[in-house]
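The values are calculated or read from the model by the stated rules, or taken from the named source; none is laboratory data. This is a predicted model, so every value here is computed, not measured. With ideal geometry, Cβ positions are generated from the backbone for all residues, glycine too; neighbour counts draw on all protein chains shown.
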Amino acid sequence: MRPFRSVLYMPGSNARALEKAKTLKSDALILDLEDAVAPDAKSDARDLISSAINGGGYGARYLIVRLNAFDTEWGQDDLKAIATCAPDALLLPKVSTSHDVQTLATKMDAFPNYKNTKIWAMMETPLGILNAAQIAQSSPRLEGFVLGTNDLVKDIHGYHTPDRAPVLTALSICILAARANELICVDGVYNDIKDTEGLRVQAMQGRSLGMDGITLIHPAQLDTANAVYAPSQTELDEARSYVEAYAQAIAEGKAVAVVNGRIVENLHVENAKRILAQAQAIAEASD
């Protein structure tokens, strides 16, 4: 169980940012060739990302490269150039149908270096949200969803609100599709890098909905994301008590346990074990 509490976008055209990323407390990095890179810098960004990944030093951080879409003049060149460094995953923007993922998977098959590279899908269009279930089943390479809430709000002609009511349905649809197919699902960015409390509130909302983590646009947001998406000491203590009490109940021939007046069944124990495994994975990734 690899943690994806914090997934930080880094511009692929910024060599200093790529180097700094090796020291940041981010579970995953999205090295960006798309929105964060100007058209005349795309080629240099490919070379910088390939050199950075091949150079190593990123430790346990999961490395994702966001390509340009294949209906642009840059997508195919991105795919060819990044094959030289074989990141953990490729992130495809504006996925609207299962065909989009299948097209990328087929293209990747032509490059031996991509043998173990996964696909992540940006879920940021109305059609993509409506097709989330089919997209989630589109390819064995598909590993995760990344919510692109800025593009989604724009496309539905909505507004950014503190409660995120305009996109809650979309978030839930993607989470359901991801969980039904054992995919990772991470939330969209919080745009105000100075508003730590606003970020905390959004991250808490995302976690309560079932998100695995949140995408970030600045290193200053890392501590908040990592704290919110990690099990608290209270959660860990409760999880251990559930596992221990249920094991004792089973040993005594009982089907349920009682902890602090609450009935504990197998479903509660399964969730408790997931929380404990998550904490263990975070600890191992931090070593």
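Of note:
- Some residue of region 62-70 being out of contact with any His (no Cβ under 8 Å at 6 or more places or on another chain), among the hydroxyl-bearing types (Ser, Thr, Tyr), within 18 Å of Leu29 (Cα to Cα) and modelled with pLDDT of 95 or more: yes
- Residue in region 67-74 that is surrounded by 19 or more Cβ atoms within 10 Å (Cβ to Cβ), over 21 Å from the mean Cα position of the chain (by Cα) and of a type outside the set (A, V, I, L, M) present: yes
- Criterion: among the polar types (S, T, N, Q) and without any contact (Cβ under 8 Å) to a residue 12 or more places away in the chain - qualifying residue of Ser138, Ser208: Ser208
- Count of region 229-251 residues which are closer than 15 Å to Arg274 by Cα and not hydroxyl-bearing (Ser, Thr, Tyr): 11
- Checking each residue in region 86-109 for being assigned to a loop (DSSP other than H, G, I, E, B), buried (at least 17 other Cβ atoms within 10 Å of the Cβ) and not charged (D, E, K, R) picks out Ala86, Pro87, Pro93, Val95, Ser96.
- If only residues of region 161-186 that are in contact with a Leu (Cβ under 7 Å, 6 or more places away or on another chain) and in a helix (DSSP H, G or I) are counted, the one that is surrounded by the most Cβ atoms within 10 Å (Cβ to Cβ) is Cys174.
- The number of residues in region 123-160 being assigned to a strand (DSSP E or B) and in contact with a helix residue (DSSP H, G or I) (Cβ under 8 Å, 6 or more places away or on another chain) comes to 5.
- Hits in region 234-269 (condition: surrounded by fewer than 12 Cβ atoms within 10 Å (Cβ to Cβ) and within 30 Å of Tyr62 (Cβ to Cβ)): Thr234, Asp237, Leu267
- Cβ-Cβ contacts under 9 Å between residues 6 or more apart (or on different chains), taken from a first residue in region 240-267 that is over 22 Å from Gln280 (Cβ atoms) to a second residue that is surrounded by fewer than 13 Cβ atoms within 10 Å (Cβ to Cβ) and among the hydrophobic types (A, V, I, L, M, F, W, C), are listed as Ala249/Ala255; Ala249/Val258; Val256/Ile263; Ala257/Ala247; Ala257/Ile263; Glu265/Ala255.
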